[in-house]
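Inspection log for the structure reproduced underneath, given as structure tokens.
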Amino acid sequence: DVKVTQSSRYLVKRTGEKVFLECVQDMDHENMFWYRQDPGLGLRLIYFSYDVKMKEKGDIPEGYSVSREKKERFSLILESASTNQTSMYLCASSRAEQYFGPGTRLTVT
Amino acid sequence: KNEVEQSPQNLTAQEGEFITINCSYSVGISALHWLQQHPGGGIVSLFMLSSGKKKHGRLIATINIQEKHSSLHITASHPRDSAVYICAVDTSGSRLTFGEGTQLTVNP
């Protein structure tokens, strides 16, 4: 059974903190994605990666960075968390069909 | 205007009813995806299609490339079908653009 896991289901951080969200997939997929999901706005792409050490900006990359040192792991970094980054963060991997992780609900206070 | 438009935004049905959710898009695509999201956040891929029709159990997805339109049908709906259904189009290299979703509630 295919699996995408995320490091936390719920996370509470303070404004200005550095936040790491980790995503691991066990399907040997080249493509990995980070999305955020907000009411009324749907899913929006933050960053994606087609291969190890490769990254591409999505639609809303401002305030975020990513790291992909190994094929199975794709990390999303909030360098200095702000309250407008409170959201549900979803990771996905794909070769064709996308497989999603369970999501991390991040609250920045 | 969004590149992917879904209708309706909200849908309430009685158990057993036939349900249709529509998706229209305005860009060239290589594939269209239908996704399901239950309360709690998990998203599951239901279908990926680039032409014609696919069926899985009580779910049927169709796409008309010329009209840039897809439909998701649920036959004999059940309360466990209650979820958000999301249409997404693949415009290049697995990069998806999403509709806002349709909240389906099936009452017993």
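The values are calculated or read from the model by the stated rules, or taken from the named source; none is laboratory data. Fair warning: this is a prediction, and the values are worked out from it, not measured in the lab. All Cβ positions, even for glycine, are placed from backbone atoms using ideal geometry, and neighbour counts span all protein chains on display.
Tabulated data
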| read-out | value |
| --- | --- |
| Residue ID - nearest to the other protein chains (Cβ to nearest Cβ), chosen from residues in the range A:52-109 that are in a loop (DSSP other than H, G, I, E, B) and β-branched (Val, Ile, Thr) | A:Ile60 |
| Number of the exception - B:Phe47 against (1) part of a strand (DSSP E or B); (2) away from chain A (no Cβ under 14 Å) | (2) |
| Selection status of A:Leu106, hydrophobic (A, V, I, L, M, F, W, C), closer than 22 Å to A:His29 by Cα and crowded, with 20+ Cβ neighbours inside 10 Å | no |
| Residue satisfying all of: in the range A:8-31; within 11 Å of chain B (Cβ to nearest Cβ) and farther than 13 Å from A:Tyr89 by Cβ; surrounded by the most Cβ atoms within 10 Å (Cβ to Cβ) among these | A:His29 |
| Test: residue in the range B:6-23 that is surrounded by fewer than 17 Cβ atoms within 10 Å (Cβ to Cβ), over 15 Å from the mean Cα position of the chain (by Cα), part of a strand (DSSP E or B) and away from chain A (no Cβ under 14 Å) | yes |
| Answer residue from the range A:73-97, given it is crowded, with 23+ Cβ neighbours inside 10 Å and of a type outside the set (A, V, I, L, M, F, W, C) and is nearest to A:Ile60 (Cα to Cα) among those | A:Tyr89 |
| Residue ID - nearest to the other protein chains (Cβ to nearest Cβ), chosen from residues in the range B:81-94 that are surrounded by fewer than 18 Cβ atoms within 10 Å (Cβ to Cβ) and modelled with pLDDT under 95 | B:Gly93 |
| Hits in the range B:50-61 (condition: of a type outside the set (Gly, Ala, Ser) and without any contact (Cβ under 8 Å) to a residue 12 or more places away in the chain) | B:Lys53, B:Lys54, B:Lys55, B:His56 |
| A:Glu69 vs. criteria farther than 27 Å from B:Gln6 by Cβ, surrounded by fewer than 20 Cβ atoms within 10 Å (Cβ to Cβ), of a type in the set (Asp, Glu) and over 14 Å from the mean Cα position of the chain (by Cα) | yes |
